[in-house]
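A.B. asks: Handing you this structure, nothing more for now.
The values are calculated or read from the model by the stated rules, or taken from the named source; none is laboratory data. Note that the structure is a prediction, hence the values are computed from the model and not measured. For neighbour counting, all protein chains shown are included, and Cβ atoms are generated from backbone atoms with ideal geometry for every residue, glycine included. Areas reflect the complete protein model, heavy atoms only, side chains present, ligands, DNA and RNA absent. Shrake-Rupley method; radii C 1.70, N 1.55, O 1.52, S 1.80 Å.
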Amino acid sequence: MTHASGAISTCLSSSRAAGSNTAHILGSRGRIDIHRLWFTSAGFTQYDAAGAVVERYTPDAAGHGMQFQAIAAEQYVAAGNFDGELITLDDSVEIMGTLDEVRRQIGVSYPGGGSDCSRRRHSVTSSSATSRWRTTSIG
């Protein structure tokens, strides 16, 4: 994927073969390897430019780590707040717009998937979202 700054990012994926399920962030001063199953509560190893380990982190969390997101979302919605402290609703829409752009650049489209998140923001009403959340709440 190309970015406005000229930077390039890549992603490799397969639904037919098992890969390492790791993620890597590379820079001029070193790299960060995010351990297996990076989309959960995974650890990471930071290396300097020479390849020496700077830091290793292993989380001490049960589950996949998404329980923290679910608890925070439940608290925000129950309070009638749809923006988080770290990621706002607009940030979420911007992330979806980035995913739209990735799909556009690589030519992926889904049946009935004509929406473009980068151009619109869905409105959510407090009462309907709160009652829907309470019916699906965990615990």
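A.B. asks: Being at pLDDT below 85 and closer than 30 Å to R29 by Cβ is the requirement here; does D60 meet it?
C.D. replies: When the stated conditions are applied, D60 passes them.
A.B. asks: If you don't mind, there's one more thing I want to ask. Sort through T40, T88 and tell me the only one that's open to solvent by less than 50 Å² (accessible area, probe 1.4 Å), under 19 Å from the mean Cα position of the chain (by Cα) and more than 20 Å from C11 (Cα to Cα).
C.D. replies: From the options T40, T88, the qualifying one is T88.
A.B. asks: When the residues of region 86-104 are filtered to those that are of a type in the set (S, T, Y) and in a helix (DSSP H, G or I), which remaining residue is farthest from A72 (Cα to Cα)?
C.D. replies: T98
A.B. asks: Residues of region 80-104 being small (G, A, S) and modelled with pLDDT under 90, which ones?
C.D. replies: G80, G84, S92
A.B. asks: For residues that are modelled with pLDDT of 80 or more and assigned to a loop (DSSP other than H, G, I, E, B), tally how many sit in region 105-121.
C.D. replies: 5
A.B. asks: Here's something else I'd like to know. Of these, V53, V102, V93, V108, which one is touching a Cys at 6+ places or on another chain (Cβ under 6 Å), β-branched (V, I, T) and either surrounded by fewer than 14 Cβ atoms within 10 Å (Cβ to Cβ) or within 26 Å of S9 (Cβ to Cβ) (or both)?
C.D. replies: V93
A.B. asks: Same structure again: Quick one: count up the residues across region 68-85 that are open to solvent by 90 Å² or more (accessible area, probe 1.4 Å) and outside any loop (DSSP other than H, G, I, E, B).
C.D. replies: 3
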